[in-house]
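Shown next, in structure tokens, is the structure this report addresses.
Only the coordinates and a few stated rules stand behind these numbers; no lab work does. Owing to the predicted nature of the structure, the values given are computational and were not obtained by experimental measurement. For neighbour counting, all protein chains shown are included, and Cβ atoms are generated from backbone atoms with ideal geometry for every residue, glycine included.
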Amino acid sequence: MRGAADVIVVGGGPAGVAAAVELRRNGVERVMLLEREADLGGATRHCSHSPFGMREFGRIYSGPAYARRLAAEAERHGVMVRAGHSVVSLHENARLTVACNGVVSELEAKRIIMATGARESSRAARLLPGDRPVGVLSTGALQAYVALHGLMPFRSPVILGSELVTFSAVLTCLRHGARPVAVVETLPYALARTPASWFPNLAGIPFFRGAELLDIQGRTRVENVRISHGGITRDLACDGVLVTGRFVPEASLFLSSGMGLAQAAQAPAIDQDGRCANPLYFACGNVLRAVETGGWAFREGRAVGAAVARDLAHPIAAPRVAVTFAPPIKLVVPGYVRAEDTARGALGEFQLRFTTRVRGELSLELDGARVWSRRGEFLPERRVLVPMPTGLQAAQRISFCFREG
């Protein structure tokens, strides 16, 4: 459908809803929000715990209540919500192929914002060893069982991982009648910050750091997990395995449509306004990097929504400069800077992630001159924020460097 909307937002989680609402608040008349599920809210719909919404709405919600508030905000601001619509492919001229109830159609807009979020790595992607019994789930599947069906799929699971979502999973289990046997992390430290990482021990649940998963055993369903910890092999009797974290951006549409991804992050590369290589497309939220909180995604979506409203009024045609980096830096968002006034940019800071635990000096160089640095310890999957300096938009070379020691 030609001219279906001025802007189409793909993804009805916190980032997508915030972007759509902000577009309407900035006077964009026709804003359409496509969501493949029946309801808005993204992953928060399944999170039966709190807190959500304090910074966005000034009060604390549970996940489902927060999702309902997002839907109410979209309705209140006149966003055209199209639930049950799955985007099949992206096209160069801001055109989408969309499927709904078995019918395939095309929608076209002036700009498109991608806010498709992230997903946890599956058991297969992690190459976990052992049998293939019933009872190996992701956090998302667990929370869907609980929130949508009122079911707890196990009573004594072993939980793999140590990200923030891991401890959300522990809380979900405890609140719904299951008691985890143990939390198991392959690294010698927890990925989540304290005090979240204290939670298993406070709840009396063994937390094995630096442990290797050797086997998952069971004929029809999970019966036992074997790990190696401190040189000792342990058998943990259990009835399930909960695989948490190791999120990856839900960016397959970019790859399948030939628009490409930033190689290290496997996510769309954007400039400081969320603009992709194709300037008719923008992106925000956890499709850019995995993974941030719902509140972070909401704020980022709101900022990118405002940037798109500005772009509709005054399109940017300035050249872009790539932000370069090397391991152990995993990713930098934004990955490009366009020659415009960065004070107006949606993203006022660079966001970095590291691949491993390192100690040394991180620095930002513009045209070979160091303009910022920080010395310390950096942990994997921890957000590192670097302010965008004066003169950034005039630089021809933008580089992040790391020196160990």
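Structure notes:
- In order along region 172-177, the phi-based Karplus estimate (6.51 cos²θ - 1.76 cosθ + 1.60, θ = phi - 60°) of 3J(HN,Hα) comes to 4, 4, 5, 6, 10, x Hz; Gly and Pro are listed as x.
- With eigenvalues of the C-alpha gyration tensor scaled by 5 and rooted, region 112-228, Å: 21, 19, 17
- Relative contact order of the chain, pairs being alpha-carbon contacts under 8 Å that are 6 or more residues apart, as %: 16
- A Cα-only calculation for region 318-405 places Rg and Dmax at 12.6, 39 Å.
- Per-residue ellipticity at 222 nm, computed for the chain from helices alone with -39500 (n - 2.57) per DSSP H run of at least four residues, works out to -6000 deg cm²/dmol.
- Its Cα gyration tensor gives region 197-255 an equivalent ellipsoid, and the semi-axes of that ellipsoid, as √(5λ) in whole Å with the largest first, are 26, 18, 13.
- Using a Gaussian network model of the chain in which every pair of alpha carbons under 10 angstrom is joined by a spring, one finds that among Ala15, Ala169, Ala317 the greatest mean-square fluctuation is at Ala317.
- Mean-square fluctuations from a GNM of the chain, with a 10 angstrom spring cutoff on Cα atoms, peak among Leu148, Leu160, Leu137 at Leu148.
- Taking Rg and Dmax of the Cα atoms in Å as calculated from this structure, the corresponding entry among (1) 21.9, 64; (2) 21.4, 76; (3) 21.6, 72 is (1).
- Amide H to amide H, with H built 1.01 Å from N, Ala267 comes under 5 Å of Ala262, counting only residues 5 or more places away or on other chains.
- Remark on Val134: its backbone amide H falls under 5 Å from those of Arg221, Val222, a criterion applied only to residues 5 or more positions apart or on other chains, H modelled at 1.01 Å from N.
- Cα-based helix-to-principal-axis angle, 63-76 vs the chain, degrees rounded to 10: 20
- Cα-only Debye scattering, region 1-81: base-10 log of I(q)/I(0) at q = 0.16 Å⁻¹: -0.55
- Take each peptide in 249-255, 231-237, count the other Cβ atoms within 10 Å of every residue, and average; sorted highest first, the result is 249-255, 231-237.
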